[in-house]
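Here's the structure we're looking at; comments come further down.
Taken together, the values in this text are just the output of simple stated rules run on the coordinates, not laboratory data. Please read these numbers as outputs of a predicted model, since none were measured by experiment. Ideal geometry is used to build each Cβ from the backbone, glycine not excepted, and the neighbour counts take in all protein chains shown.
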Amino acid sequence: MKSETADNIRSGKPIVKLRIEAAKKWQMLDLKELIYYKDLLYYFVLRDFTVQFKQTILGLLWAVINPVFQMVIFSVIFGKLAEISSDGIPYPIFSFSAILPFNYFSQSLSGASNSLVGNAGLLSKVYFPRILIPITPVLSKLVDFAIAFLILIVMMIFYGISPTWNIVYLPFLILMMIMASLGVGMWLSSLAIQYRDVRFAIGFFTTLLMYTAPVVFPASLILEKFSYTAYLFYGIYPMVGVIEGFRASLLGFRPMPWDLISIGAVSSVLLLITGALYFKRTERVFADVA
Amino acid sequence: MSTTAIDVKDVSKAFLIGLKDTRKETLGAAIFSWLKSPMQNYNILKRLNTYRHNEESEDLFWALKNVSFSVEHGETLGIIGDNGAGKSTLLKIISRITNPTYGYVDVNGRVASLLEVGSGFHSELTGRENVYLNGTILGMSRKEIDKKFDAIVAFSEVEKFIDTQVKKFSTGMRIRLAFSVAAHLETEVMIIDEVLAVGDAPFRKKSLSKMLEVAKSGTAVILVSHNPLAIQQLCKRTILLSHGKIIDSGITDDVMQKYLGGIYNDRTRQEWDLDEAPGSKEVKLIKAEVRQIEPNVPVIRPGDSFEFEFVFYLMLEEETNINVTFHLNDEYENLVFIGSTALTNIPYTAGTGYLKTICRIPSDLLNGGTYSVTKLFVLKGVSDLIYEHNEILSFEITNNYAHAHGKIGKIDGLLKPKLHWEVVANVESEIML
């Protein structure tokens, strides 16, 4: 084998030097390393996505069926029977515009929380930046998100709703949604591999998250029933700002809720930072507990 | 030019183990402990964390203790040891899967660790997709894999199925593909655990020569295997680990002999009192011994004559012809020969009482190495087995290096017979005839 290795050694070309020692308690993400492993991330995401619908009959259609059925049920129960207010927006599109980001959020969370446990075999056999594992579902669920987004566009055409200029803020809202998902995802994944209780709690946790998010009701209801302070507190939950932002920018029935969005943005950044820190702190024990 | 590829310095790794679960005596105590069990479980899970402990804790288990060694570029180092000796933990530390508790490892170069073949292989993906996935997991970039893809597929011999889902592959095909990916890594350091034992014989041979090629290309290789032959073929130097410590290191043959000899702990003599002696209702084994014949020589050397002695106590109702047979094996579990009284012409019968058998091994027969009597049979007549004893004796025939023609290491071959040679010069006239 004519190898670069031998050439490198012969020519005395500097090669990677590394010291492996007892892990430090706190450390930051090594971004240079993440860039080195970008191809691995790509294949992880590809694997996650292709495997998801393998050996199913409906395949990608599932990415559509789930949110559509949720929308129908919500529209009948909360829209028709309970007559919950929807800020004057037709209830189906009102709920769908929330189901879209929320499903992404909850799917990323359950994907991330299972990710480390599901890849335990890899963790104890190969080195690569562990953080790639919870990042993977957060990225691969973006494909489902994009497919469901097409349904929203179809619905907007059906209801004759045209987006406002505020749609320029949509990428920012999506980024916020990804950051919040990744932040919580990192927390849950590293908790789950140490304490398998998380696996049992996650189903109940996402249901809880859904009913506390303004999915079936508008956030304005909080303002109406409680106070502005409560409303701002509510905004700490990042999905509140994301969902209300989605509605405002796409459907335009109300102005952009910048108060909710800015509070939510701060808390998603905090979630992301603390999630990464906690992940890096616990990372060193993964191989031992996996 | 050789440079240090891996420098392992005082590496220690501790795990917490052995938490006793106490059984509750009363219902009240049981309910109480059930109520507080979440707290207890939390503490137990916390203990899995290998970094929080004080050294005196008695639940502390040192998987590795002050291990130091280094490997040069282009060198292949073997690591052997029993299960639980700390081999895998050591490899995991060097491959960055887990951190040491104390000490450090300096690595010069990219490390590829093959603690398993086919890490991350997914059966729903095609062979092609898996090559890329597995390759990137092992640290290659997509471009590198693009370059080597054809070579990888050719080596694995699964060209025809490369776009088929891996779940439709046979186990052998899967393993061959996985090994091929690993074999085409080009890193400065390679860590291999037992992966040579994959595939069928021709593929194993191919893998072995590929590994030799890799080692020659300047890569530092660390190899852990239970297969002494693989280690002997690939590694000049070997480390013997036992209970987390290096107990021997040096030339592979020497370390290997010590290791394989150590398995049997050199039992050259075993003796029992009659009432404790192992055996059946017709015969008890009282003594088994192997010894040098020459007085005042403590060891058996290659070429020496030595003898086995087996003493039995027989409890037979009538005088019967008794046969004693044993198997002598070498350290690689090869049967060297079978010794049996049935093969001699000594007719004897025995009833109740002691029976002593001595078997003398002629001089100039066996070469140096570790040998063991793996089986001892006592038979009535030639076919009626009345007792069988396994792994009874183990001993070493100690190589005398002074006679090794100036070369250090084991003289190859199982036997060391004194051969009769005739060497005649100037025989043209004879050949012409």
Within 10 Å of each Cβ in peptide B:132-144, how many partner chain Cβ atoms are there on average? Round it to a whole number, please.
5
Does segment A:30-289 classify as rounded, prolate or oblate by the C-alpha gyration tensor (a ≥ b ≥ c root eigenvalues; a/c under 1.5 gives rounded; else a/b over b/c gives prolate, otherwise oblate)?
prolate
Taking a cut-off of 18 Å between Cα atoms, list the aspartates and glutamates near A:Lys125, but don't count ones fewer than 8 places away on the same chain.
A:Glu283, A:Asp288, B:Glu116, B:Asp193, B:Glu194
Inter-chain shielding metric for B:67-73, i.e. average beta-carbon neighbours from other chains within 10 angstrom, reads 1
Full extension from B:Ser68 to B:Leu335: what is 0.36 nm times the residue separation minus their Cα-Cα distance, to one decimal in nm?
92.4 nm
If one takes the longest principal axis of the Cα atoms in chain A, at what angle in degrees, from 0 to 90 and to the nearest 10, does the Cα axis of helix A:170-194 lie?
60 degrees
Rounded to 0.05, the calculated FRET efficiency for the beta carbons of A:Trp258 and A:Asp30 at R₀ = 25 Å is 0.10
Can you give me the convex hull volume of the Cα atoms of the protein assembly as shown, divided per residue and expressed in Å³?
293 Å³
Express in nm, to one decimal, how much length is gained between A:Thr274 and A:Lys17 on full extension, taking 0.36 nm for each residue of separation and deducting their alpha carbon distance.
89.6 nm
Under a plain spin-label model, where a point goes 7 Å from the Cα along Cα-to-Cβ, how far apart in nm are B:Asn83 and B:Glu319?
5.1 nm
Show me, for segment B:377-394, the HN-Hα J-couplings you get by feeding each phi into the Karplus relation (A = 6.51, B = -1.76, C = 1.60, θ = phi - 60°), rounded to Hz, glycine and proline as x.
10, 10, 10, 8, x, 10, 9, 8, 6, 10, 7, 9, 10, 9, 6, 9, 10, 8
Quick one: compute the contact order of segment A:30-289, relative version, from alpha carbon pairs under 8 angstrom and 6+ residues apart, as a percent.
26 percent
Interchain or long-range residues, amide H under 5 Å from B:Gly81's placed H:
B:Leu241
Proximal lysine pairs in segment B:269-403, meaning Cα under 14 Å and 8 or more positions apart or interchain, come to 4
Counting only other chains, and only Cβ atoms inside 10 Å, what mean value do you get across the residues of B:216-222?
4
Determine which aspartates and glutamates satisfy two conditions relative to B:Lys216: a Cα distance under 17 Å, and not lying fewer than 8 residues away in the same chain.
A:Glu4, A:Asp7, B:Glu72, B:Glu75, B:Glu186, B:Glu188
To make sure I understand the rule: partners must be aspartates and glutamates, Cα under 16 Å from the Cα of A:Lys54, and not fewer than 8 residues away in the same chain. Which ones qualify?
A:Asp144, B:Glu124, B:Glu129, B:Asp163
Along segment B:341-346, what does the Karplus equation 6.51 cos²θ - 1.76 cosθ + 1.60 (θ = phi - 60°) give for ³J(HN,Hα), rounded to whole Hz, x for Gly and Pro?
5, 5, 8, 9, 9, 7
Taking Cα atoms, how many degrees apart are the long axis of helix A:91-118 and the longest axis of chain A, rounded to 10 and kept between 0 and 90?
20 degrees
Helix A:62-74 against the longest principal axis of chain A: what's the angle in degrees, Cα atoms only, rounded to the nearest 10?
30 degrees
Given backbone amide H placed at 1.01 Å from N, residues whose amide H is under 5 Å from that of B:Ser394, ignoring those fewer than 5 places away on the same chain, are B:Arg267, B:Thr268, B:Val373
If N is the residue count of segment B:269-403, its Cα Rg over 2.2 N^0.38 Å rounds to 1.10
How would you rank B:Thr3, A:Thr229, going from fewest to most other Cβ atoms within 10 Å of each one's own Cβ?
A:Thr229, B:Thr3
The size of the Cβ-based charge dipole (Lys, Arg +1; Asp, Glu -1) of segment A:30-289 about the Cα centre, to the nearest 20 debye, is 460 debye
Can you work out ³J(HN,Hα) from phi for every residue in segment B:134-141, in order, using Karplus 6.51 cos²θ - 1.76 cosθ + 1.60 and θ = phi - 60°, giving whole Hz and x for Gly and Pro?
5, x, 5, 4, 7, x, 7, 9
Students often get this wrong, so check it: of A:Lys17/B:Lys9; B:Lys92/B:Lys206; B:Lys9/B:Lys65; A:Lys38/B:Lys143; B:Lys65/B:Lys92, which have C-alpha atoms separated by over 21 Å?
B:Lys92/B:Lys206
Which order do B:Asp304, B:Asp82 fall in if you start with the one that has the fewest other Cβ atoms within 10 Å?
B:Asp82, B:Asp304
Taking amide H positions as placed in the peptide plane 1.01 Å from N, state which residues far from B:Leu114 in sequence (5 or more) or on other chains have amide H under 5 Å from it.
B:Ile191, B:Ile192, B:Asp193
Nearest 5 percent is fine: what portion of the DSSP beta bridges confined to the protein assembly as shown is antiparallel?
80 percent
Cross-link table B:Lys147/B:Lys210; B:Lys167/B:Lys205; B:Lys87/B:Lys236, entries beyond 20 Å C-alpha to C-alpha
B:Lys167/B:Lys205
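Starting from the Kirkwood radius over alpha-carbon pairs of segment A:209-264, derive D by Stokes-Einstein at 25 °C in a medium of 0.890 mPa s and give it in µm² s⁻¹.
Rounded, D is 224 µm²/s.
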